[in-house]
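Only one structure is covered here, and it is reproduced in the block below.
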There are 2 protein chains.
Amino acid sequence: MKLSSPVASDHRLPRYQRLHDEFSARIAGRQWKPDEPIPTEAELAATFSVSIGTVRKAIDALVAAGRLERLQGSGTFVRRPKFGSSLFRFFRFEGREGEKLVPESRILKREVIEAPQAVAAALGVAVGSPCIHLNRLRLIDRQPLLLESIWLQKSRFNALLEIDPREFGDLLYPLYEQYCGQVIASARETLTAEAVGSRNARLLEIAPGSPVIVIERLALSFDGQPLEWRRSHGGADQFRYHVEIR
Amino acid sequence: MKLSSPVASDHRLPRYQRLHDEFSARIAGRQWKPDEPIPTEAELAATFSVSIGTVRKAIDALVAAGRLERLQGSGTFVRRPKFGSSLFRFFRFEGREGEKLVPESRILKREVIEAPQAVAAALGVAVGSPCIHLNRLRLIDRQPLLLESIWLQKSRFNALLEIDPREFGDLLYPLYEQYCGQVIASARETLTAEAVGSRNARLLEIAPGSPVIVIERLALSFDGQPLEWRRSHGGADQFRYHVEIR
DNA sequence: GAGTGGTCTAGACCACGGT
DNA sequence: CCGTGGTCTAGACCACTCA
């Protein structure tokens with residue numbers, strides 16, 4: 001089997017597993033780009049000298065993992081990460097009539113500051129290295145919902161300093177991509193709860209000491225490099241999280 | 001294809017899908033019992049007059065859903081529900097040395113009481129119908145960790161009233177199975193957070209008004225009947241929940 | 001060694017999407 | 001209509017478990 005990219009793949013592994021790793025690398029390496037079709041199953045089978053069934057099994061796993069999407073009759077496509085499973089979706093992101101919407105964003109602060117210890121550890125940089133720090137308030141129907149503290153490595157995101165924060169818009173990740181060439185591919189989130197401090201209580205317009213949900217997110221590039229770390233607070237009464245257990 | 005049990009299964013569906021439904025029904029109907037092997041793939045293929053590949057595809061889905069477990073060389077087994085994905089596992093269930101353990105259980109109250117509105121709705125019974133209500137405290141290293149309010153339909157769980165609560169042991173579900181013949185097969189959980197009331201604060205030995213995680217669980221039988229509803233409180237500082245997002 | 005699931009093949013035919 | 005993925009088959013051989 002010939003591999004177009006130098007993937008460390010043990011030849012004792014099953015073929016479908018090696019194919020899976022190869023395809024996965026092509027998605028990560030952006031040789032197969034989001035929203036574009038990958039080669040047909042028959043082409044892949046011929047390219048790698050395996051049967052179609054084996055190609056299908058490799059693709060099955062990537063579809064199950066949400067990295068590819070099959071469309072019968074038209075092809076198999078690289079799925080753009082949608083963060084559909086983020087914990088944030090369990091906040092009430094609805095307007096007055098219950099329709100889903102993107103919260104309005106207000107940048108409260110933008111500063112260049114030396115990375116404190118916790119941030120440095122999360123981003124994998126040295127303590128004290130220069131970072132961009134944003135404070136952002138997110139609102140639904142003019143009501144404060146979430147307060148976010150966002151940390152970025154200055155060297156990667158310098159371009160952000162040249163834009164007026166009032167023109168950031170409501171979503172940051174498209175901004176990162178457009179101005180800094182940094183694409184967020186995945187994230188890890190941690191949920192905790194605590195009593196809100198007086199400053200955050202004022203900004204969120206809730207009673208001091210009332211419970212808030214705290215979500216920490218480390219957002220990563222395609223190759224697993226930490227790009228952004230954020231810590232978000234939101235009133236606990238705006239949050240409900242569901243799971244099914246079998 | 002002959003079906004041993006009367007499953008409503010549209011014959012226009014793919015064969016593997018119909019097989020999946022049939023197998024699923026056999027697990028739910030306990031014709032295939034937990035920890036026992038199901039017939040071999042070859043036998044199933046012969047029984048249903050399909051090829052082994054089709055049987056495998058049906059089994060694949062049930063394995064992915066955690067209902068079956070394959071053991072190469074020995075067979076495919078019905079998996080006993082393990083509740084491994086419960087939100088409760090994100091509480092610190094460790095002893096002093098960090099080892100995982102089952103919390104000690106202390107039944108604080110057992111009463112027969114008419115179902116209040118919320119309980120009746122969850123259990124699918126009439127408001128005011130007789131229920132068994134338990135209050136239970138769960139402790140690690142003698143430290144209170146969780147406070148649980150548990151509701152059961154009296155008619156199904158009458159046998160519980162004949163046992164001394166001090167002999168309940170640390171786990172309820174085996175008790176339900178042994179004394180009442182009621183088997184918990186799945187559950188739905190909802191996580192919220194709130195400020196703790198004074199009574200619960202005293203029992204949990206935390207400051208009044210401090211944040212608590214609240215987990216509501218509706219536990220279901222194999223055929224989807226609600227059997228138990230519980231509402232659990234635990235100090236938020238004991239809780240951390242993680243997810244990966246793609 | 002007999003029997004289980006695990007991998008893989010090469011082909012057939014179907015259902016769907018676009019042209 | 002052609003090309004795509006979706007279903008299904010009948011077989012081969014491998015890897016593992018257990019007696």
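The values are calculated or read from the model by the stated rules, or taken from the named source; none is laboratory data. Because the structure is predicted, anything quoted here is derived from the model rather than measured. Virtual Cβ from ideal backbone geometry, glycine too; neighbours counted across all protein chains shown.
Test B:I184 against the stated conditions and say whether it is within 14 Å of chain A (Cβ to nearest Cβ) and within 25 Å of B:Q225 (Cβ to Cβ). Against the criterion (within 14 Å of chain A (Cβ to nearest Cβ) and within 25 Å of B:Q225 (Cβ to Cβ)), B:I184 qualifies. Please list, ordered by first then second residue, the pairs with beta carbon atoms under 6 Å, 6 or more apart or interchain, first in the stretch A:27-42 and within 14 Å of another protein chain (Cβ to nearest Cβ), second more than 16 Å from DNA strand C (Cβ to nearest atom) and part of a loop (DSSP other than H, G, I, E, B). Cβ pairs passing all conditions: A:I27/A:R67; A:A28/A:F222; A:P34/A:R80.
For the stretch B:65-99, a residue qualifies if it is without any contact (Cβ under 8 Å) to a residue 24 or more places away in the chain, more than 16 Å from the chain's Cα centre (by Cα) and either within 15 Å of DNA strand C (Cβ to nearest atom) or within 12 Å of another protein chain (Cβ to nearest Cβ) (or both), and the qualifying residues are B:E69, B:R70, B:L71, B:Q72, B:G73. Taking A:D60 as the residue in question, decide whether it is in contact (Cβ under 8 Å) with a residue 12 or more places away in the chain, of a type outside the set (A, V, I, L, M), closer than 21 Å to B:I245 by Cα and within 16 Å of DNA strand C (Cβ to nearest atom). No: the conditions fail for A:D60.
Within the stretch A:134-175, the set of residues being among the aromatic types (F, W, Y), modelled with pLDDT of 95 or more and either surrounded by fewer than 18 Cβ atoms within 10 Å (Cβ to Cβ) or outside any helix (DSSP H, G or I) (or both) comprises just one member, A:W151.
Selection of strands (runs of 3 or more DSSP E) fully inside the stretch A:44-133 by the criterion of at least 1 residues being within 12 Å of DNA strand D (Cβ to nearest atom) and more than 28 Å from A:E228 (Cα to Cα) returns A:68-71, A:75-78.
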